[in-house]
Amino acid sequence: MSDRAYLRAEPSPATLDWVRAQVGGPVTAADFLTGGVSHSNFALTVGGARDGAHPHRVVLRRWLRPNWQDDDADFDVAREVAALTLLERAGVAAPRVLAADPDGAHCEAPALLVTFLPGAPPGPDADRAPDFLPQLAQAAAVLHRLPPPWPGVPAYRRYNDLLDPRPPALSRRPDVWERAFEVVAAGGPAYREVFIHRDYHQGNTLWRDGRLTAVVDWTSASYGPAGVDFGHLRWNLVVGYGQATADRLLTVIGGHHPYWDVQAVVDLLPDSLPADGLTVAELGALEPYLDGLLAQL
C-alpha cells in the first residue's frame, strides 16, 4: 500500500457483522473520514428503509497503522475508552463509547465504536474569526479543570526519548535543533498535573456554524502539564495558519512557558512525522519559530 493507504481499508464483512450486533441494525453505508494519521475512521450509516429503522451514523475507529504496538503500545483502545468514559461523566463534548473490541477479536484489528458528532475540522481561513482562538483555549481549559482521579488514564510521557536525537533530514538549520535538544534534555519548569488531551490541535476539533462543538481523538489522553496541550496546539497553528496566529494564542491563554513549545516541536521527530518526514514547507515555518522560542530561554 502507498503511505497511509491502509487507513482507507474498508471494514470487512466480519467487522460490519460485529457493528450490527452492537447497534442492533445493519450497516447500509461506510464513508471514510479524512484527517487521521494513526487510526482508520469510518462513518457508518446504520439502519434504513430495508429494516424500517431510522438511519443514524456511528464512527468506527480501527488501529490499523503498521507496528503501532511496537511504537506506541500504550496508546491503545483501553486508554481511549477510559478517557471517553471520564469525559462523558463530566459532560464534556466528545464522542461517547458504544462498544469496543480492544484485541481485534471481531474486527481483525483493535477497534472502537463511538457516536457520530456533527461538524468538521476548521477550514483554512478559520483563524480570521475573532473567537476562533478563544474557543480553542476555552475547550482546553475545560479539560484542564477536570478534577482527579482520572482512572485508566496514564501519566504523560514525551514522544522523543532524546537517546539519539537528530535534526530533520531536510533541515537547513541543524544548529537550531541541536540547541532545542539540549533545552528539552535539561528539563522544564515545575507544573501541576491536570487532565490533558495530549494531541490537542485544531484538526482534532469539530466546528459547526462557527462554534466549536466537540474535541475528538482521545487515544493520547494523559495527566500532566497543561503546557503540553498548548505547545502542541501552537506548532499546529504555526504550520496551519502562520506564526502570527500562534502568537495571538498567547494573549488569549495568558501565562505559558516557551519550554513547552520547544518540547512540542522536538517531539515531532520520532512521532507521526519522523526525522525525514518533515517537508521543506513545514521546516520553513517551524525552524524560525523554534529559533525564536530558544531566544526566549
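Only the coordinates and a few stated rules stand behind these numbers; no lab work does. Being a predicted model, the structure only gives us computed values, none of them experimental. Methodologically, a virtual Cβ is constructed for each residue, glycine included, from the backbone with ideal geometry; neighbour enumeration extends over all protein chains shown.
Observations, loosely collected:
- Here is the list for the range 185-281: trypsin sites (Lys or Arg not before Pro) lying in DSSP coil, each with at most 12 other C-beta atoms within 10 angstrom of its C-beta, are Arg192.
- Three-way shape label, the range 163-247, alpha-carbon gyration tensor, a/c 1.5: oblate
- Counting only DSSP H runs of at least 4 residues, each contributing -39500 (n - 2.57), and dividing by the residue count of the chain, the helix-based mean residue ellipticity at 222 nm comes to -11000 deg cm²/dmol.
- For the peptides 81-90, 169-178, the ranking by packing is 81-90, 169-178, with the highest mean count of neighbouring Cβ atoms within 10 Å listed first.
- Gyration tensor (alpha-carbon) shape descriptor, the range 126-295, a/c threshold 1.5: oblate
- Two-decimal log10 I(q)/I(0) for the chain, as the Debye equation yields it once each C-alpha is a single scatterer, q = 0.07, 0.09, 0.11 Å⁻¹: -0.28, -0.46, -0.69
- When each of the peptides 159-165, 259-265, 278-284, 96-102 is scored by the mean number of other C-beta atoms lying within 10 Å of its residues, the order from highest to lowest reads 259-265, 96-102, 278-284, 159-165.
- The distance separating the Cα centre of the range 128-160 from that of the range 166-245 comes to 11 Å.
- Antiparallel bridges, percent of DSSP beta bridges restricted to the range 5-115 (to nearest 5): 100
- Chain lengthening between Arg248 and Asp31 when straightened (0.36 nm per residue, less Cα-Cα): 74.5 nm
- Annotation: peptides 147-154, 180-187, ranked by per-residue average of other Cβ atoms within 10 Å with the highest first, follow the order 180-187, 147-154.
- In nm, spacing of pseudo-spin labels at Ala190 and His54 (7 Å Cα→C-beta vector): 5.5
- Shape call, the range 5-115: gyration tensor on alpha carbons, a/c limit 1.5: oblate
- Point-to-point label distance, Arg4-Asp164, nm (Cα→Cβ direction, 7 Å offset): 2.6
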